[in-house]
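Data block below; observations after.
None of the figures in this text is laboratory data; all of them are computed from the coordinates on show. Keep in mind the model is a prediction, meaning the values are calculated, not measured. All Cβ positions, even for glycine, are placed from backbone atoms using ideal geometry, and neighbour counts span all protein chains on display.
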Amino acid sequence: MIEVRPFEPDDLASLWALAHLPDAGVTEDPSVPVPLPPRRVPPTGPADLVDPQATVLAAGGDLFVAVDDAGHLVGVGGLRPVHGRPRLGRVIRLRVHPAVRRQGAGRRLMEALEDAARRRGLTDLLLDVGDHQPEALAFYRALGWSETWREAQPEAHWQTVWHHRSLERDHLAVEVRPCGSDDDAAAAERGLPTRGSDHHRSRWERQQTGEATYLLAWDGADVVGHVLLLDRSAYDEVVDDLGEHAEVHALVVADRVQRRGVATALLGAAAGVARERGASQVGLAIEPDADAATELCRRLGWRVRPGLHPVHTWSWRDEHGTEHEERDRCGYWTLTLPDGR
């Protein structure tokens, strides 16, 4: 029986031994002994595993270990708050001894981390894993995490796959990826009709010109949300005040999946793409009566920019085919994008 408990200082030598095992690619090797011989020299890897007291616990995070019936350490997982984003946490350094995989250690560690996150008042979690770790990708998919974006690693042959999970709602696991074809745009129209205005195809065309990225959230074969990321703000007054920066438009989620984490996944994907392209911040204009969007941005660490009120002009077509134009005076919000997460 595998049990999970908080990390204790006496666990450090065993943690170092676990951290010394390979964790890339297919790393399952049941012949690795339990218990591992304790290591008195720290690993050369991440500081989270070298000195977890200073880098995880002292930073306001949590660290849990999995132990077997004999009390031997066979797994570890951590949680750390994301700087500047008070309701967001990041799952770090989840590792399970190869000899006890598929016995529930990873799942129990994740449950402990999610419980700890809720106690800390966090509403959303993110994590990353390389796409050269297929067993890890399958594990998070089975737990219902949403894949939000893939970040290229120029110095490596693999990509970082970022995942998101909402804690306070009935989370829906979606896959967010850029629109890739006319068929994708047509699927977006089926899932989120634009009444003949063909906005989905026009956004796909803007992506093809290189001026935007049109991200779609997929629930299986169905598009249930989208967001358009521009490389430059569409509002001159915003550029005059804040300079050129990436900007989010057309954040829409299907009614049937509202409040299930889809909008958070889309915003996370947009922020990830913007950061990968070198942006230091991303902006978003919010209409004055969009209370849900305002609360979402506040929760995720966005901040309102007083005095900035860009006017958003948009059009829609009624059931008779008549085109209507709307003008909304919006509030403006920005999210700072650090060099590293």
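Enumerate by residue number the trypsin sites (Lys or Arg not before Pro) in the stretch 58-135 meeting two conditions: DSSP loop (anything except H, G, I, E, B), and at most 16 other Cβ atoms within 10 Å of the site's Cβ. Write out the running numbers ahead of the final one.
Working: sites: Arg87, Arg90, Arg93, Arg95, Arg101, Arg102, Arg107, Arg108, Arg118, Arg119, Arg120; in loops: Arg101, Arg102, Arg120.
Answer in residue order: Arg102, Arg120.
For the stretch 222-264, the calculated P(r) over all alpha carbon pairs, in 10 Å bins from 0 to the bin holding the longest distance, is 27, 36, 24, 12 percent. Among the GluC sites (Glu not before Pro) in the stretch 268-320, those placed in a DSSP loop whose Cβ has at most 14 other Cβ atoms within 10 Å are Glu319.
What is the dipole size for the stretch 244-337, taken about its Cα centre, with +1 at each Lys and Arg Cβ and -1 at each Asp and Glu Cβ, in debye to the nearest 20? Show your work: numbers first, answer last.
Details: 12 positive and 14 negative charges, 129 e Å.
Value, rounded to 20: 620 debye.
Say R0 is 56 Å: what FRET efficiency, to the nearest 0.05, do Val311 and Glu135 get from their beta-carbon distance? Taking R0 as 56 Å, the efficiency between Val311 and Glu135 is 0.65.
Distances over 20 Å make up what percent of all Cα-Cα pairs in the stretch 31-120?
Numbers: 1557 of 4005 pairs.
Above the 20 Å cut-off, the stretch 31-120 has 39 percent of its Cα pairs.
Loop-located GluC sites (Glu not before Pro) in the stretch 145-177 (DSSP state other than H, G, I, E, B) with a sparse environment of at most 16 neighbouring Cβ atoms within 10 Å: Glu155, Glu168. One chain, two ends: Thr209 and Ala47. Fully extended at 0.36 nm per residue, the span grows by 54.1 nm beyond their Cα-Cα distance.
With the cut-off at 19 Å, report for the stretch 101-210 the share of all Cα pairs above it, as a whole percent.
Taking all Cα-Cα pairs of the stretch 101-210, the fraction more than 19 Å apart is 60 percent.
Two-decimal Rg/Rh of the stretch 178-336 from alpha-carbon positions, Kirkwood Rh? Each step should come with its number before you reach the end.
Numbers: Rg = 15.3 Å, Rh = 16.2 Å.
Ratio of gyration radius to Kirkwood radius: 0.94.
Of Asp62, Asp115, Asp124, the residue with the greatest mean-square motion in the GNM of the chain, using alpha carbon springs below 10 Å, is Asp115.
I'd like the per residue volume of the convex hull spanned by the Cα atoms of the chain, given in cubic angstrom. All intermediate terms of the calculation are to be shown ahead of the outcome.
Numbers: hull volume 50.3 nm³, N = 341.
Each residue corresponds to 148 Å³ of Cα convex hull volume.
The charge dipole of the stretch 51-196, taken about its Cα centre with unit charges on the Cβ atoms of Lys, Arg (+1), Asp and Glu (-1) only, comes to about 440 debye. Between the helical axis of 182-191 and the longest alpha-carbon principal axis of the chain there is an angle of about 90 degrees. State the answer as a single residue: which of His199, Val252, His324 lies farthest towards the positive end of the charge dipole of the stretch 178-336, with beta carbon charges of +1 for Lys and Arg and -1 for Asp and Glu, about the Cα centre. Selected residue: Val252. Overall, the chain carries a charge dipole of about 980 debye about its Cα centre when +1 sits on the Cβ of Lys and Arg and -1 on the Cβ of Asp and Glu, all other atoms neutral.
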